[in-house]
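Asker: Sharing a structure with you now.
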Amino acid sequence: EDQVTQSPEALRLQEGESSSLNCSYTVSGLRGLFWYRQDPGKGPEFLFTLYSAGEEKEKERLKATLTKKESFLHITAPKPEDSATYLCAVQASVDYGQNFVFGPGTRLSVLP
Amino acid sequence: GAGVSQTPSNKVTEKGKYVELRCDPISGHTALYWYRQSLGQGPEFLIYFQGTGAADDSGLPNDRFFAVRPEGSVSTLKIQRTERGDSAVYLCASSPGPRETQYFGPGTRLLVL
């Protein structure tokens, strides 16, 4: 069964204090790993897709990396507006499963 | 708008009642997904449509839940005989085709009293 775990469950940072969020997965053949940001009361907002080990994607202060067992979301010099829950999801490469399997998320708070 | 829209944004109902939740996907997207999200958890897959047909309904928890997409665009999630445990945020997502990035709507917050 495909599984996704995320750590830490919650993270509190001071503005400018860089850190990383972890997403560990077990999947029967990875087609893609997806990162989303979710603000309270809103739907998930797409950030990145990673397809193969060694791949990296960047957007502003965020950088996502992928290995064969986990992905990291690195946040450099975060600002208060980066506060949100960050979700990762995997999609298996088998034909039948089109859906994403999500982790529980990491709640990030960035204090001014 | 260009994004996925969902109506209503909030729904309060009584135990045992029937509810319908609507999803309007991004124009041209052939794939549509329903997820359910409980507080503090990630979204949980319910059902996937490719075009008009339900290609995968393995996530529907029981036969009280049903979804349709009759014309391959708008979808309706239907819940019969609602129970308090059905209270959650119901999210809809669409993608240009199967196995592509999914874009989510704002969700419908369902509260069953």
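Asker: Name the single residue, out of those in segment B:78-106 being farther than 18 Å from A:Asp39 by Cβ and within 13 Å of chain A (Cβ to nearest Cβ), that is most open to solvent (accessible area, probe 1.4 Å).
Answerer: Residue satisfying both the conditions and the ranking: B:Glu100.
Let's see how each residue does on (1) among the polar types (S, T, N, Q); (2) surrounded by 15 or more Cβ atoms within 10 Å (Cβ to Cβ); (3) more than 22 Å from B:Leu113 (Cα to Cα):
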residue	(1), (2), (3)
B:Gln6	yes, yes, no
B:Ile26	no, yes, yes
B:Ala31	no, yes, yes
B:Gly40	no, no, no
B:Ile47	no, yes, yes
B:Asp56	no, yes, yes
B:Gly59	no, yes, yes
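Asker: Consider segment A:40-61. How many of its residues are surrounded by 13 or more Cβ atoms within 10 Å (Cβ to Cβ), more than 12 Å from the chain's Cα centre (by Cα) and under 22 Å from B:Arg36 (Cα atoms)?
Answerer: Residues in segment A:40-61 being surrounded by 13 or more Cβ atoms within 10 Å (Cβ to Cβ), more than 12 Å from the chain's Cα centre (by Cα) and under 22 Å from B:Arg36 (Cα atoms): 2 in total.
Asker: Name the residue, out of A:Pro78, A:Pro104, that is more than 8 Å from chain B (Cβ to nearest Cβ) and not in a strand (DSSP E or B).
Answerer: A:Pro78
The values are calculated or read from the model by the stated rules, or taken from the named source; none is laboratory data. Source: prediction; values computed, not measured. Don't worry about glycine lacking a Cβ; one is built from the backbone with ideal geometry, like all the others, and counts go over all protein chains shown. What goes into the accessible areas is simple: the full protein's heavy atoms, side chains included, and nothing from ligands, DNA or RNA. Shrake-Rupley method; radii C 1.70, N 1.55, O 1.52, S 1.80 Å.
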